[in-house]
Structure formats: C-alpha cells, structure tokens
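Right, one structure below, let's go through it.
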Amino acid sequence: MAQTYDRFARFYDRAFTPLERFYLASLRQGVLAELPVEGHILEIGAGTGVNFKLYPEGSHAVASEISMQMIAIAKDKTNRIDIVQADAQELPFPANRFDAAFATLVFCSVPDPVRGLSEIRRVLKPGGLLLLIEHVRPDGALGYAFDAISRLTVALADDHFDRRTAENVRAAGFENVIVEKRLGGVLNVIRSRKDGAGSG
Ligand SMILES: C[S@@+](CC[C@H](N)C(=O)[O-])C[C@H]1O[C@@H](n2cnc3c(N)ncnc32)[C@H](O)[C@@H]1O
C-alpha cells in the first residue's frame, strides 16, 4: 500500500486537479467545516496534505499517512500540523485521545478497513466525531459494474471500487452511522460518533 502511493505521490495533486475543481474541493470544505474548532483532531491517510488548509485553526491536529513519499510532499504544505507515518490498521496513539478523526478517499485502499475503522474508534474519545468522505460501491445495477471495475483498480492501484464503507463503519463498532449519498451514491459522506450519538 505504501509502495503504491510512494509511486503516485509525485503525480497525485496534478492528477486530482480536475476532480477537485469539478466537485471535491467544495465537498471537502463543507464537510470538514464540521470539525470541532478546538481540541485534538486526527486525519487518517492525509496523503499530500490536500485537507490541511481546512483544519480548524484552534485545533491541535495530527495528520497520519502510511506513504513516506506522500508525507514528503505534505510537509511542504504546513508548519503547524504534526505529520506521523502510521498505518491506519495500527495507529500509534493511546485510546480515547482525539475529539474528532476524519479521512477522505482512504478506506478504498486500506487492506482491512474494519480493522482501520476499529483503530479510529479506539483512539476517539467517547462522543468523538468520525467524518469520512469515501468512494464506495453504489446500490443497484451500478454496483455490479463497480464490482467488475474493482478487479482492475485493485490490480493497478490497490484501490477497491467495491467497498461498502458504511457497513464497515458499523462492523467496527460505531452505532449511529449517518450516510449521505453523493454523485448517485458513488461518493458517501459518513458521520458517526464513538458513543453512537450521530451528528449532522
Ligand atoms: C486516494 S489517497 C487520498 C489522500 C487524501 N486523503 C486526499 O483526500 O487527497 C489515499 C491515501 O491513503 C493512504 N493510505 C492507504 N492505505 C493506508 C493505510 N493502511 N494507512 C494509512 N494511510 C493509508 C495512501 O498512502 C494515500 O495517501
């Protein structure tokens, strides 16, 4: 996984520019505005640091990421955010540490997403907020097309187009999971809280 994104790191920002302009940048902005303005915040799979400008100013933020090449690029985008190399499936943080944790376009790549989401649940404080923006397997006939596409994207880029991420969030122990479908259900905004009190 780290090796895949080590290879993509140099091209990542440029490759995503059209999608950011078309849709993603405003979605990121709207969703990440829900992060608490103070407190401890954790990003999982921060990549090249695309979300850094949207971190609340008063927060103490930690960005985690598995790929050293992605981290090298992210480092140029901040001097206030701690960046830590970490696998989402084995987070190097104590339990009950963060007021909020978020990830954007990450759980399509994590090999064992339930394990990664369970790790997030472990490090969140009781009542802590989980926010995800993820591409997922859509419902209906399109879902079968995504199952087929996924075989190719996994082979090429370890990117699973058939992920049922909301189900994985529930399987990780989050109880009240709120799913907002975007782009015909291809993108999901997923919100929950560690104690099961959903938000949004
Ligand atoms: C599609 S990129 C998204 C990057 C960024 N979150 C964004 O929205 O632009 C997926 C990121 O997840 C990271 N990633 C994949 N598997 C991971 C894992 N097991 N633990 C932590 N990060 C991981 C990749 O290295 C990559 O930076």
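State whether one or more residues within region 108-117 are more than 10 Å from the ligand (Cβ to nearest atom) and at pLDDT 95 or above.
Just the residues of region 108-117 that are more than 10 Å from the ligand (Cβ to nearest atom), to begin with: 114, 117.
Keeping just the survivors that are at pLDDT 95 or above gives 114, 117.
Among the residues of region 108-117, at least one is more than 10 Å from the ligand (Cβ to nearest atom) and at pLDDT 95 or above, which makes the answer yes.
Which of the residues that make up region 97-122 are in a helix (DSSP H, G or I), of a type outside the set (Gly, Ala, Ser) and surrounded by 21 or more Cβ atoms within 10 Å (Cβ to Cβ)?
Matches in region 97-122: Pro113, Leu117, Glu119, Ile120.
Please list, ordered by first then second residue, the pairs with beta carbon atoms under 7 Å, 6 or more apart or interchain, first in region 149-173 and on the phi > 0 side of the Ramachandran plot and open to solvent by less than 30 Å² (accessible area, probe 1.4 Å), second part of a helix (DSSP H, G or I) and at pLDDT 95 or above.
Short answer, once both residue conditions are applied: Gly173/Ser118; Gly173/Arg121.
I'd like the full set of residues that are in contact with a Pro (Cβ under 6 Å, 6 or more places away or on another chain) and assigned to a loop (DSSP other than H, G, I, E, B), limited to region 144-199.
Those that are in contact with a Pro (Cβ under 6 Å, 6 or more places away or on another chain) and assigned to a loop (DSSP other than H, G, I, E, B): Val186, Lys194, Asp195.
Would you please name the residue that is nearest to the chain's Cα centre (by Cα), looking only at residues in region 124-143 that are outside any strand (DSSP E or B) and more than 16 Å from the ligand (Cβ to nearest atom)?
Restricting attention to region 124-143, the residues satisfying the condition of being outside any strand (DSSP E or B) are 136-143.
Keeping just the survivors that are more than 16 Å from the ligand (Cβ to nearest atom) gives 137-143.
Details: Arg137: 16, Pro138: 18, Asp139: 21, Gly140: 24, Ala141: 26, Leu142: 23, Gly143: 21 Å.
My answer is Arg137.
Taking into account only those residues within region 54-70 that are in contact (Cβ under 8 Å) with a residue 24 or more places away in the chain and in contact with a helix residue (DSSP H, G or I) (Cβ under 9 Å, 6 or more places away or on another chain), which is nearest to Asp13 (Cα to Cα)?
Within region 54-70, the match that is nearest to Asp13 (Cα to Cα) is Met70.
Those residues that are within 21 Å of Gly30 (Cβ to Cβ) and not hydroxyl-bearing (Ser, Thr, Tyr), I need them from region 146-175; list them, please.
Taking region 146-175 first, the residues within 21 Å of Gly30 (Cβ to Cβ) are 165-166, 169.
Of everything in region 146-175, those that are within 21 Å of Gly30 (Cβ to Cβ) and not hydroxyl-bearing (Ser, Thr, Tyr) turn out to be Ala166, Val169.
Each row is one residue, and each column tells you yes or no for (1) open to solvent by less than 50 Å² (accessible area, probe 1.4 Å); (2) within 23 Å of Leu19 (Cβ to Cβ); (3) out of contact with any strand residue (DSSP E or B) (no Cβ under 6 Å at 6 or more places or on another chain).
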| residue | (1), (2), (3) |
| --- | --- |
| Ile44 | yes, yes, no |
| Gly58 | no, no, yes |
| Met70 | yes, yes, yes |
| Ala88 | yes, yes, no |
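Quick one: what pairs do we get from region 116-129, first residue more than 13 Å from His40 (Cα to Cα), second assigned to a helix (DSSP H, G or I) and open to solvent by less than 10 Å² (accessible area, probe 1.4 Å), C-beta under 8 Å, 6+ apart or different chains?
Leu117/Val169
Specify the residue that is most open to solvent (accessible area, probe 1.4 Å); the eligible residues are those in region 182-200 that are modelled with pLDDT of 95 or more and within 17 Å of Phe102 (Cα to Cα).
Among residues in region 182-200 that are modelled with pLDDT of 95 or more and within 17 Å of Phe102 (Cα to Cα), the one most open to solvent (accessible area, probe 1.4 Å) is Arg193.
Give me the pairs: first residue in region 1-29 and within 16 Å of Ala72 (Cβ to Cβ), second residue at pLDDT below 95 and not hydroxyl-bearing (Ser, Thr, Tyr), beta-carbon distance under 7 Å, and six or more apart or on different chains, which are they?
Within 7 Å, the pairs are Thr4/Ala157; Thr4/Asp158.
Those residues that are among the acidic types (Asp, Glu) and within 19 Å of Asp87 (Cβ to Cβ), I need them from region 50-71; list them, please.
Once the filter is applied, which keeps residues that are among the acidic types (Asp, Glu) and within 19 Å of Asp87 (Cβ to Cβ), region 50-71 yields only Glu65.
The values are calculated or read from the model by the stated rules, or taken from the named source; none is laboratory data. Nothing here was measured: the structure is a model prediction, and the numbers come from that model. Every residue, glycine as well, gets a Cβ built from its backbone with ideal geometry; the counts of neighbours run over all protein chains shown. In case anyone asks, the SASA skips ligands and DNA or RNA and just uses the protein heavy atoms, side chains included. Shrake-Rupley method; radii C 1.70, N 1.55, O 1.52, S 1.80 Å.
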